[in-house]
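The values are calculated or read from the model by the stated rules, or taken from the named source; none is laboratory data. Owing to the predicted nature of the structure, the values given are computational and were not obtained by experimental measurement. Cβ sites come from the backbone with ideal geometry, for glycine too, and all protein chains shown count toward neighbours. Ligands, DNA and RNA are stripped out before the accessible areas are found, and what is left, the full protein with its side chains, is counted by its heavy atoms. Shrake-Rupley method; radii C 1.70, N 1.55, O 1.52, S 1.80 Å.
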Amino acid sequence: MCDAGRALALALALSCAHTAASAAGGDPGAGPAPRAPEPAEPAPAAAADCAAALTARVQARYDRMRDLEARFVQRTASALAPSAEPMSGRVVLAKPGRMRWSYETPEPSEVVSDGRTLWIYDPAAREAQKFAVGEQFLSGAAFQFLLGSGRIADSFQVRADRCDAPRARLTLTPTADATYQALELEIDVASGEASATAVVDLFGNRTEVEFSELRYDRAPAASMFQFVPPQDVRVLEPEPAAH
């Protein structure tokens, strides 16, 4: 079932996904990927230096990128309930703020935005939800970064959880009120590319998105980010969340 929660998870994950490189392979049905044992935390000064250097490297990589296409696997680990079945499909992302997530399994659905309007289409229910980009559930620092107008260092407190090459891990905590706790990035130290992204919401639920078969700067057509509901589909326009 497509819903606003899925769009939120996607938008937050997407705020980092423009810098993503191929994630390590695995069985999409195996549930959330096991995390490696946590190394000893770096000394505060070393961690701060590492976080600043990696943030600059990730930002530079992101700034150079115009668009990407990839396959993805999305896994959600719930804090209170059994983990949801993994979802997979194809995604096309393009600055500023355009995206098309085409879910293939476990059931088809679409999340499409041209940067002004976001559609969530559930073919099985024959429903399409329509949101104005900028409503509360897609607002804030994460979405500004998605739109290409934000900078990581201005919107997040960045902590280096691991600095050892070849992979480092950053945790990005929003400095302003947000509808999530943190974003996480697994970073290739040499290139500044992120090999995995995750978002942790306010209830402790964790959504991971892994990418493969990435292709960059292919200039997708504008029509890729447009959605026209079929005639027999009911269009819902939920009220903006109260502040």
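At q = 0.13, 0.15, 0.27, 0.28 Å⁻¹, what log₁₀ I(q)/I(0) does region 194-243 have when each alpha carbon counts as one equal point scatterer in the Debye sum?
Rounded to two decimals, the profile gives -0.76, -0.94, -0.99, -1.03.
What does the charge count near residue 75 come to, summing +1 for each Lys or Arg and -1 for each Asp or Glu among other residues with Cβ under 10 Å from its Cβ?
Working: positive: 206; negative: 85, 208, 210.
Around residue 75, the charge tally is -2.
Report in % the part of the accessible area of region 174-241 that belongs to carbon and sulfur, leaving out ligands and nucleic acids; probe 1.4 Å. Spell out each step's value before the answer.
On the way: 1910 of 3720 Å².
The value for region 174-241 is 51 percent carbon and sulfur by accessible area.
What are the ³J(HN,Hα) couplings of region 201-210, residue after residue, when phi is run through the Karplus curve with 6.51, -1.76, 1.60 and θ = phi - 60°? Round to Hz, x for glycine and proline.
Each residue's phi maps through the Karplus curve to give 8, 5, 9, x, 6, 10, 10, 10, 10, 10 Hz.
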